[in-house]
Amino acid sequence: GGAGMARGSRAWVALAVGAALAAACAGEVRSYWHNSVTGETVWEKPTWSHVDEASGHTYFVDPKTGESTWEVPDKYAWTVAHDEQHNRDYFFNENTGESTWETPEVMGWQEHTVDDREL
C-alpha cells in the first residue's frame, strides 16, 4: 500500500507540474488573491460562504478551522458604508454594530491577474 501511494503521489505531482508548465508555455493569464491587511497571497479564491444544495440555504465555513455554521460569524459580517461628513468609506459589522475606518481582514482580499509568461 505505502509504496503505491508514494508512486501515485509522485505521478500526481508530475501531472500538476506538467499542467503548470503547459499553462506557462501557453501564456495563460491566471488570477490570484492578495489580502492587503494580512499580506497573504493565494491562488484559490478565499471563500467562506457556501450554499447547501439540499435546502438552498447559505452556510459559512471558517477556512482555517473547518468549523461550519448557519449563522454569519462576526468576522464575516462586515459591509462597506459611506460617511457623508468625511466623504469616505468605512466598515460596519452587521452582527456587532462595530464600525471602523480600518479594513477588516475579511474585506482585504483583492483579485489580481498574472500572465504566466512573466513568471
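Where a number appears in this text, it was derived from the coordinates with a stated rule and is not lab data. The structure displayed is predicted, hence computed values, not measured ones. No Cβ is skipped: glycine too gets one built from the backbone with ideal geometry, and neighbour counts run over all protein chains shown.
The table that follows gives values for the structure above.
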| quantity | calculated |
| --- | --- |
| Loop GluC sites (Glu not before Pro), region 37-88 (other Cβ atoms within 10 Å of the site Cβ: 11 or fewer; DSSP) | Glu44, Glu53, Glu67, Glu71, Glu84 |
| Hypothetical label at Trp48: residues of region 82-119 whose amide nitrogen lies under 19 Å (7 Å Cα-Cβ projection) | 90-111 |
